[in-house]
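Inspection log for the structure reproduced underneath, given as structure tokens.
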Amino acid sequence: IPTTGRALLANATVPSAVTGGTLNHIGDGLGRADIQIEHGEIAAIAPPGLLDRRDGVTVVDLDGGLVLPGFVDMHTHLDKGHIWPRRPNPDGTFPGALEAVSADRPARWTAADLRRRMDFALRCAHAHGTVMIRTHLDSIPPQDDISWPVFAEIRQDWMDRVELQASALYGVESLLIPGFLDRIADTVLKTGGTLGAVTYMIEGLEGHIDALFRAAAERGLDLDFHVDETADPQARSLALIAEGALRNRFEGRIVCGHCCSLARQEADDVDRTLDLVAKAGIGVVSLPLCNMYLMDRQAGRTPRWRGVTLLHEMKARGIPVAVASDNTR
């Protein structure tokens, strides 16, 4: 397919859900269409035979081949990817994963190591049709001075193939370190990223949340939090973030990933939290592959969670919901 000029992808099969259902319906939620491409971008989609096929238009007959929108992965950790051969998680638990990364990071995460693993992950993602990735970068000093410059270089290398975004990742308790928040927020601003944190139910959490909202607002940054990645139903930082967004009248975009403990809470508490999330305009990213593997792993017992039901309840309230991979370890 040429990247310049005009082309026509003829006789494509496309999901009716992404075209408004106006194309020739062939069953199973699919339709047949021609797709007009101009300078590498979609210019028109129409039933077969209706678009321009004059001289100068390159026609590629797909013979009914399926055309899908590119994949968008809203929550990954490219800096953690592909360390399993040298640092496995033998028991498959969440603490085991944290321990593996905590040991591998200071020992091995040089600029060269990060570049090699991140580039391999991107080549894999690109080969399978991914067009945008948001990666969280471990930003605990001194790792921030290594990972963010590497990310900026890789984003430039891949700009014509995969759009890359980065979000700062660190435990919210790091905000107790004098000067830390300004340091990482300025790094994010300089690199064109998103500010974030991992929230836990620690003393003073509401004050930390307010500080993050202020730092983001002052710099015009969006926010992306790791939230309540635990089976403990008392973990309720999602509600506190929503309240903080409303209290601070934050005008940027907010995303909360994981939100696992919500699936273990009583219905009234869930309803109150989801109402706050909807009012605050927060988007939620679910990580089923990761969290179904890591959460509540106990031998001899099947965990029972309300995850799928919660996603339907979020969508019913108009809460933007995405499903992402989290990691390729």
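Can you list residues whose amide H is under 5 Å from TRP158's amide H, if they're 5+ apart or on another chain and H is modeled 1.01 Å from N?
Placed amide hydrogens put nothing under 5 Å from TRP158.
Would you calculate the separation in nanometres between label points at VAL131 and ARG304, each defined as 7 Å from the Cα along the Cα-to-beta-carbon direction?
4.3
Using only Cα atoms, figure out Rg for the range 76-145 and give it as a multiple of 2.2 N^0.38 Å.
Compared with the compact-globule rule of thumb, the range 76-145 sits at 1.15.
Could you work out Rg/(2.2 N^0.38 Å) for the chain, with Rg from alpha carbons only?
Numbers: Rg = 22.1 Å, N = 329, 2.2 N^0.38 = 19.9 Å.
Normalised by 2.2 N^0.38 Å, the Cα Rg of the chain equals 1.11.
Per residue, how much accessible area does the chain show when a 1.4 Å probe rolls over the protein heavy atoms, in square angstrom? Kindly include the intermediate steps, with their values, before the conclusion.
Details: 16600 Å² over 329 residues.
Per residue, the chain has 50 Å² of solvent-accessible surface.
How large are Rg and Dmax for the range 107-244 when calculated on the C-alpha trace, in angstrom?
Cα only, the range 107-244: 15.9, 45 Å (Rg, Dmax).
Quick one: check the C-alpha center-to-center distance for the range 231-270 versus the range 46-87, whole angstrom.
Spelled out, the Cα-based centre of one part sits 34 Å from the other.
Taking the full set of protein chains and a 1.4 angstrom probe, give the accessible area of ASP28 in square angstrom, rounded to the nearest 10.
Ignoring ligands and nucleic acids, ASP28 comes out at about 150 Å².
Could you work out [θ]222 nm for the chain from helices alone, using -39500 (n - 2.57) per DSSP H run of at least four and dividing by all its residues? Round to the nearest 500 deg cm²/dmol.
Mean residue ellipticity at 222 nm (helix-derived): -11000 deg cm²/dmol.
Taking all pairs of distinct Cα atoms, average 1/r, flip it, and tell me the Kirkwood hydrodynamic radius of the range 265-308 in Å to one decimal place.
The Cα-based Kirkwood calculation yields 12.6 Å.
Please state, rounded to one decimal and in Å, the Kirkwood hydrodynamic radius that the range 104-150 gives when every pair of distinct Cα atoms enters the mean of 1/r. Intermediate results must be reported in sequence, preceding the final value.
Working: mean 1/r = 0.0860 Å⁻¹.
Taking the inverse mean of 1/r over all distinct Cα pairs, the range 104-150 comes out at 11.6 Å.
I'd like the projected area of the range 15-118, averaged over all directions, using the convex hull of its alpha carbons. Report it in nm² with one decimal.
About 11.5 nm², averaged over all directions.
Can you tell me how much longer the chain between ARG247 and ILE202 gets when fully stretched, taken as 0.36 nm per residue apart minus their C-alpha distance, in nm with one decimal?
Gain in length upon complete extension: 14.2 nm.
Restricting attention to the alpha-carbon atoms of the range 179-237, what are Rg (one decimal) and Dmax (integer), both in Å?
Cα radius of gyration and Dmax of the range 179-237 are 12.4, 38 Å respectively.
Calculate, for GLU173 and ARG108, the FRET efficiency according to 1/(1 + (r/R0)^6) with r their C-beta to C-beta distance and R0 22 Å; round to the nearest 0.05. Don't skip to the answer; put the middle values down first.
Numbers: r = 25 Å, r/R0 = 1.11.
Rounded to the nearest 0.05, the efficiency is 0.35.
Looking at the range 213-297, which trypsin sites (Lys or Arg not before Pro) are DSSP coil and have at most 16 other C-beta atoms within 10 Å of their C-beta?
Sites meeting the loop and neighbour criteria: ARG249, ARG253, ARG297.
Mind checking the full-extension length gain between ARG219 and ILE1? Use 0.36 nm per residue of separation minus the Cα-Cα distance, one decimal, nm.
Residue separation times 0.36 nm, minus the Cα-Cα distance, leaves 74.4 nm.
Cross-link candidates for LYS315: which lysines have Cα within less than 30 Å, leaving aside residues fewer than 8 places away along the same chain?
LYS315 reaches LYS279.
Note down the nm distance, to one decimal, between modelled labels 7 Å out along Cα→Cβ at LYS190 and at VAL59.
With each label placed 7 Å out from Cα toward Cβ, I get 5.5 nm.
The values are calculated or read from the model by the stated rules, or taken from the named source; none is laboratory data. Note that this is a predicted model, so its numbers are computed, not measured. Quick reminder, even Gly has a Cβ in these numbers, built from the backbone with ideal geometry, and neighbours come from all protein chains shown. Surface areas here come from the heavy atoms of the whole protein model, side chains and all, with no ligands, DNA or RNA. Shrake-Rupley method; radii C 1.70, N 1.55, O 1.52, S 1.80 Å.
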